[in-house]
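Structure record follows, encoded as structure tokens.
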Amino acid sequence: MTVHFKQDEPDNSNRLDGMKQGVLGKPLPRIEGLAKVTGTAPYAAEYHIDDCAEGVLVTSTITRGEVTSVDRASVLSMPGVIAVVDDEKLCTRAAQGTANEAPMQGPGQVCYWGQPIALVVAETFEQARDAAKHLKVEYREENGAALDPNAVEPEEQEDETVHQGDLAHAMAKAAHSVDVTYTTKGHASAAMEPHAAIAQWDGDKLTVHASLQMLNYNITELADALDMEEENIRLISRFVGGGFGSKLGISEEVVAAALAAKQIGRPVRVVQSRQQVFQTVMRRSETTQRLRLAADSDGKLTGFGHEALVSNLPGESFAEPVLQSSHFLYGGENRELMLKVARIHRMTAGSVRAPGEAVGMPALEGAMDVLAEKVGIDPVELRLRNIPEQDPEEDLPFSSHKLADCLKQGAEAFGWDNGPRKPRQRREGEWWIGTGMASAARVHNIAEAKARVTLKADGTALVETDMTDIGTGTYTILAQIAGEMLGLDPEQVLVELGDTRHPRGPGSGGSWGAASIGSAVYVACKVIREELAKKVGISEEELELSEGKTATGESLTDLLEGNDLAREGHYEPGDIEDDYTASGFGAFFAEVRVNHYTGETRVERMLGAFGFGRVLNAKTARSQCIGGITWSIGVALTEALEFDPRDGHLVNCDLAEYHVPVHRDVPDLEVVLVEERDGAASPIQAKGIGELGMCGGAAAIANAIYNACGARLYDYPMTPDRVLAAMPD
Amino acid sequence: MRPFQYTRAPSLAEASDMTAGEDTLAIAGGTNLLDLMKLQVETPGQLADINRLGIADVEDTDDGGLRLGALATNTETAVHQRVRADYPVLSRAILAGATQQLRNKATNGGNLCQRTRCFYFTNIDQPCNKREPGTGCGAIDGIAKLHAVLGTSDQCIATYPGDMAVALSALGATVQISGDKGERSVPVRDFHLLPGDTPWIENVLEAGEIITGITLPPPVGGTQIYRKVRERSSYAFALVSVAAIVELKDGKFSRADLAFGGLAHKPWHDPRVGEALLGQPPSDALFDKAANILLEDARGFGENDFKIPLTRRTLHAVLVQATEKAA
Ligand SMILES: Cc1cc2nc3c(=O)[nH]c(=O)nc-3n(C[C@H](O)[C@H](O)[C@H](O)COP(=O)(O)OP(=O)(O)OC[C@H]3O[C@@H](n4cnc5c(N)ncnc54)[C@H](O)[C@@H]3O)c2cc1C
Ligand code: SF4
């Protein structure tokens, strides 16, 4: 039986707070942690399937043109080689998140260097890999593919454009104004587990073990790519070794494995090499961003401008949503926002860790620091003065707004000195030391979700959904929500995820997983509670459950009388989405040291204070925040995709040369959870966490670099060469 | 990876015999070679495993120096009590490289022979004169942030990427080599070659020659510094590095052995730099003069232009640190 709940109104009843088990919010360790660290949690490529052949993708060595011939004979005689697949249905790009349709197909047309064009299948992985390198492919190359985003006429993303009032006039009249241009380099998701799939056919039924974030969309994408019915497909993705956006949609290996398995009549495994993951899946677009801020003599914004240029391949709908939080974070009645996309022939640009704010906020919050200096007020104070009463562009209230609390509590916990700020005040030996801060903001996303909860006759519970756990703690928080509602220790709750046979959820992405699927579990549990209350003869509100018993001592097993009680919860965000602007907010504080001689920057300590609704598990929430802050160190200091200027290929395509922060770059990170209840965000009053922790943090570091050594940089990442170039003598 | 034969070389002589053939490479820790084989940058038909040749010890030499077996791991070498006490610059250089896991596997001989990290060298679908003579150099007009500013040629601008050899160069160590023509010793400073017109020839090893060890001269004391500049603080190759052994007597430099990493196809040792310092009291002007000599012929390729001022500043920092310590 399915119970549908569409949320049109805020739910401020905070029912979860009235429950008696007392497990929600507790810092429980992850349920699957032991299995993971002992190697018993199978990842996509690790399933042992009899008679499985191995496929390796072949990628193009031209940037743009046509494949004129694939010489199968060049490899079919090599040891172990079984087949070459260059089916028209092979995908040449990864699907964008929530695309719900097949990504670009047709390996004959090449649109970027390194694009998959065929698959070689052999008995062993080594044989397939060797043969893939030897496959002879001929091309008809088209010259003159556009590669430089600044050298083409970009397209305007009209739905992002805002012209409100007269910004130019406001800038001219302003007591203080800032007009600066920032750049950010491309980023890679850099998940540990490479993209992998094993496909297996049983007649016209297909089962695929894959590493994916959003099965509900992925199954549709795969069905579309293969031109088959979804009913005939089963996707399994029980453990995912990180996704960071790169596994939102299906990638080339999933379709290639399915086609190859069909062609040779055997299961086929395809694992992308690290280089291929970098070169064929998703990049975050580089950006160029102009920020214009006009303020009165008190620092109150009168004008706000944010224009961004990003890039993508022709035919891709995704444009890095750089302005997402700029639309509502600060006031200023004269507004000018615009997003443009340059069509170039680099690999696909798509969702990579906090698309939009991850790079938009570092630019905006850097510019705010420049403004604070001009106005001559503390940068925390500048932010406090500019928090709008309501959404400055749309006539909408905020669902909740914790920015001021985060700024204040964060400053307090960090020991922020709000005295006058001047760069180059502290030096220890070779090192300049300074502090900086920035606001955090990330839009709250939520989506339709279904989950089945079964209260078993034995008094344990089972939660089933196709939701994925990409290492974030989904297994654990769902056990906590169900445990809290049903009065059970989370150890009594078995959570089964990552299988399209279960009711469908939205998957993990855009930080929407916990709030969406948690709400579906909540809805299902609530009805089960109603059933139980009926049996006891009281109302659901009166029903108190803990440790498997009612307040009057009746056990769940007695109430169930030997029967399972199963309900499917179906949560759907309703009108509420149009009635409020909902976002997570926060504040970052950083202390850095910058080497006077070498320009090396090291983060000494960093703190983030975040408000994102209800905390479902203090430990996994904190871990998400720490992970986010760590990525913001990468954005600030090290991460940069480098593309060859002549053919657009990605040159630094492994983890040795694409520099994510290492342990030694990450100091003690402190997290302040500014707990709140946001009834408009979801029926469990929770919002997204994962991405918020990296939305703006890079600016706290950039601003601290300036405060430390006087180098004001406008280009991320702030590598030693750039710091030195901007360092005053 | 091309299919290959794996053979454990039973003796040094047989290892030499095997590797004298075109198609055979020695494998030590495999941390560099196997990666390159997976990418088909290296495609040997046979690997001769040299791990069991009895050349893995670290031993005192008669003159009070130290002999590092070619097959001793980087970790064993870096933590060796005598290396730490008498050759701290070497210990620090090794520990500044790669990661603990890699250093546990990486050997001293393999470290000397590690190949460049040039992006075009490691991508077989791009031109590279080093990997495929005559195809051109992808890096010169490409992404060359890591590349050399000294001793480049119009054929190749790659760097030797390692750290250990930079310290060995400053220490004036020698490499012991064994081959079918017998044994020979080559100063580390002469072991690596500049690219010239033959960028694929990276060092003086002839076909069939195996490095058996590295000999360190008797300890010289002094203040020993290894400074490695990089954007992240571990697990990254040097943008620029400096190995320095410095001593002051009566306020003047009495020793200044300096070598540089990240600048060239070999650890860079220019005797004129140290000579300029000897007998002089430390001063900013003197440090500048030393940097001028070092960088006289330096030439950037756009993206790596920054290495020139960075080297100047890093040398300055190292000399300040060394003289403050020594004073
Ligand atoms: C991700 C990564 C990061 C790294 N970072 C650094 C760094 O920051 N600094 C640094 O210095 N190094 C770094 N390294 C390189 C590492 O130090 C080398 O890979 C290692 O030292 C090579 O030693 P090996 O024994 O594994 O050599 P192998 O891989 O076994 O061999 C390398 C080459 O040397 C030859 N060879 C090996 N031994 C002998 C011998 N005795 N005689 C003749 N030829 C021989 C082999 O034939 C082969 O061509 C890094 C490596 C990786 C993979
Ligand atoms: S710099 Fe040397 S190694 Fe790099 S592409 Fe040019 S020739 Fe090859």
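Just a few scattered comments:
- The stretch B:27-97-the stretch A:188-228 distance, computed between alpha-carbon centres (Å): 44 Å
- Computed E for A:Asp166/A:Gln390 - FRET, C-beta separation, R0 25 angstrom, nearest 0.05: 0.70
- Model label sites at B:Ser254 and A:Arg664, defined 7 Å from Cα along the beta-carbon direction, differ in position by 3.3 nm.
- Put in line by how crowded their Cβ is, counting other Cβ atoms within 10 Å and starting with the fewest, B:His269, A:His134, A:His444 read A:His134, B:His269, A:His444.
- Note on the stretch A:449-496: the C-alpha convex hull projects to 3.2 nm² when averaged across all orientations.
- Among the listed pairs B:Lys130/B:Lys228; A:Lys374/A:Lys422; A:Lys247/B:Lys105, a Cα-Cα separation exceeding 23 Å is found for B:Lys130/B:Lys228; A:Lys247/B:Lys105.
- Cα shape, the stretch B:1-117, gyration tensor, a/c 1.5 rule: oblate
- Relative contact order, whole percent, for the stretch A:1-111 stands at 20, derived from Cα pairs under 8 Å and 6 or more residues apart.
- Label point 7 Å beyond Cα of A:Glu554 along Cβ direction - residues of the stretch A:426-459 with amide nitrogen under 18 Å: A:455-459
- Working from the Cα coordinates of the stretch A:315-467, the gyration tensor eigenvalues give, after taking √(5λ), semi-axes of 36, 24, 20 Å in decreasing order.
- Separation of the stretch A:324-367 and the stretch B:193-243, taken as the distance between their Cα centroids, equals 44 angstrom.
- Estimated from helices alone, the mean residue ellipticity of chain A at 222 nm is -7500 deg cm²/dmol (sum of -39500 (n - 2.57) over DSSP H runs with n ≥ 4, per residue).
- Mean-position separation - Cα centroids, the stretch A:369-396 and the stretch A:600-631, in angstrom: 23 Å
- For A:Glu412 and A:Lys535, the FRET efficiency from 1/(1 + (r/R0)^6), where r spans their Cβ atoms and R0 equals 56 Å, is about 0.65.
- Largest-first principal axis extents, alpha carbons of the protein assembly as shown, Å: 96, 74, 61
- Estimated FRET transfer efficiency when R0 is 25 angstrom, pair A:Arg501-A:Glu561 (beta carbons, to 0.05): 0.30
- For the stretch B:223-326, the Kirkwood estimate of the hydrodynamic radius, built from every pair of different alpha carbons, is 13.9 Å.
- Exposure proxy order (Cβ contacts within 10 Å, fewest to most) of B:Arg8, A:Arg353: B:Arg8, A:Arg353
- Label separation (A:Ala175 vs B:Arg82): 7.3 nm, computed from points 7 Å beyond Cα along the C-beta direction.
- Calculated from the alpha-carbon coordinates, the stretch B:5-46 shows an Rg and a Dmax of 10.4, 30 Å respectively.
- Alpha-carbon geometry of the stretch A:101-223: the Rg and the Dmax are 23.5, 73 Å, given in that order.
- Rounded to 10°, Cα long-axis angle of helix B:307-326 versus longest principal axis of chain B: 60 degrees
- Expressed per residue, the C-alpha convex hull volume of chain B stands at 127 Å³.
- A:Ser69 paired with A:Lys136, simple spin-label distance in nm, labels 7 Å along Cα-to-beta-carbon: 0.8 nm
- Gaussian network model of chain B, springs between alpha carbon atoms under 10 Å - residue of B:Gln100, B:Gln176, B:Gln155 with greatest fluctuation: B:Gln100
- Spin-label zone in the stretch B:205-226 - amide nitrogen under 20 Å from a point set 7 Å from the Cα of B:Glu324 along the C-beta vector: B:222-226
- Each of A:Asp665, B:Asp190 was scored by other Cβ atoms within 10 Å of its Cβ. Arranged with the fewest first, they read B:Asp190, A:Asp665.
- The relative contact order of the stretch B:223-326, computed from alpha carbon pairs under 8 Å that lie at least 6 residues apart in sequence, is 26 percent.
- For chain B, the longest principal axis of the alpha carbon atoms and the long axis of helix B:284-295 meet at an angle near 30°.
- Pairs from B:Lys289/B:Lys325; A:Lys456/A:Lys535; A:Lys26/A:Lys687 whose Cα-Cα separation, in the structure shown, is over 19 Å: B:Lys289/B:Lys325
- Remark: C-alpha extents of the stretch A:254-397 on the principal axes read 73, 31, 26 Å, sorted largest to smallest.
- Label point 7 Å beyond Cα of B:Gln280 along Cβ direction - residues of the stretch B:288-327 with amide nitrogen under 17 Å: B:288-297, B:312-324
Every read-out reported here was derived from the displayed coordinates using simple, explicitly stated rules and does not represent laboratory data. Owing to the predicted nature of the structure, the values given are computational and were not obtained by experimental measurement. FYI the Cβ positions are ideal-geometry reconstructions off the backbone, even for glycines, and counts take in every protein chain you see.
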